[in-house]
Amino acid sequence: MLKTAIGRLRVIGFVEGMSYLLLLFIAMPVKYFLNEPLAVMLVGALHGLLFVLFIFAVIHAAFVHRWSFTLITGAVIASLVPFGTFVLDAKIKNM
């Protein structure tokens, strides 16, 4: 799966999507309800790194597969919406 640009994008997208959900639904409530900012610091840093990797993977897949501007924009927007990378995965699965 990691041998192709789409395969790498799918794996990074899955991990990035999971880190985003972890940040939104676990780390942020821990910070604001339990007054413990360390969770957001750690998960936020990891998510930031994964987000950058995801953007690079989108750019690589876009060049390899000659994606349209619309598809590239949709992939980037998917990374900003909770569960968006999972929807993107379903769309690019058979490329």
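Readers should treat all values here as calculations from the given coordinates under stated rules, not as data from a laboratory. All figures in this text were calculated on a predicted structure; none of them were measured in a lab. As a convention, Cβ positions derive from the backbone with ideal geometry for all residues, glycine included, and neighbour counts pool all protein chains shown.
Report, to two decimal places, the Cα Rg of the chain normalised by 2.2 N^0.38 Å (N = number of residues). Against the empirical 2.2 N^0.38 Å value, I get 1.16 for the chain.
Summed over qualifying helices (DSSP H, 4 residues or more, each -39500 (n - 2.57)) and divided by its residue number, the chain shows a 222 nm mean residue ellipticity of -24500 deg cm²/dmol. Within the listed set LEU34, LEU49, LEU22, the Gaussian network model of the chain (springs between alpha-carbon atoms below 10 Å) gives the highest mean-square fluctuation for LEU34. Each label point was placed 7 Å from the Cα along the Cα-to-Cβ direction; for ILE77 and MET95 their separation is 1.6 nm.
In this simple spin-label model, placing a label point 7 Å from the Cα along the Cα-to-Cβ direction at both LEU46 and VAL30 gives a separation of 0.9 nm.
Of the residues SER19, SER79, SER68, the one that moves most in a GNM of the chain with alpha-carbon contacts below 10 Å is SER68.
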